[in-house]
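Below you'll find the structure, written out as structure tokens, and then a few comments.
Read-outs: derived from the displayed coordinates by stated rules, not from any lab. Since we're looking at a predicted model, the values are computed, not measured. Please note: Cβ atoms are built from the backbone with ideal geometry, for glycine as well, and neighbour counts cover all protein chains shown.
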Amino acid sequence: MLPSGDKAGDELWFDEDYADLLDELTHFGVITPRDLRALIEKYLEEILAADKKEVAGLEGQPDYYIRSLGTTPKRVEKGVLYTHVGITRLAMRLEFGSTKFSEYQRSKS
């Protein structure tokens with residue numbers, strides 16, 4: 001369902017944190033695989049369009065700037081910015097509201 005090119009790979013210095021993501025999904029009531037699929041399918045086209053727009057804005061930017069955003073020039077060259085976890089979190093922000101999602105994120109710290 002999620003584009004394979006968006007999965008965090010060897011070019012990133014971090015692994016996708018699926019344990020935290022699972023906690024977040026559970027908190028917002030996304031419990032079953034069906035719930036998750038419905039959430040992602042609802043917003044995937046919009047998120048991928050935003051991803052392309054973000055990548056286009058990074059073309060020609062210096063490597064240090066691209067890395068400061070948590071990605072790599074190689075991912076930008078591939079035309080991807082968001083990881084699978086990032087796509088899912090963006091879908092949650094769209095579904096449940098950015099403020100509510102951010103408040104939950106802050107409460108975990």
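Data overview
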{"read-out": "LYS108 versus GLU77: modelled label distance in nm, points set 7 Å from Cα along the beta carbon direction", "value": "3.2 nm"}
{"read-out": "Listed values [x] 89; [y] 68; [z] 56, entry calculated as percent of Cα pairs over 17 Å apart", "value": "[z]"}
{"read-out": "Residue-averaged [θ]222 nm for the chain, counting only DSSP H segments that reach four residues, each worth -39500 (n - 2.57)", "value": "-20500 deg cm²/dmol"}
{"read-out": "Separation in nanometres of the label points that stand 7 Å from Cα toward Cβ, at LEU22 and GLU46", "value": "2.8 nm"}
{"read-out": "Cleavage-rule hits, GluC sites (Glu not before Pro), the stretch 19-83, DSSP coil, Cβ neighbours within 10 Å at most 14", "value": "GLU59"}
{"read-out": "Cβ-defined net charge surrounding GLU24, 15 Å radius [Lys, Arg +1; Asp, Glu -1]", "value": "-2"}
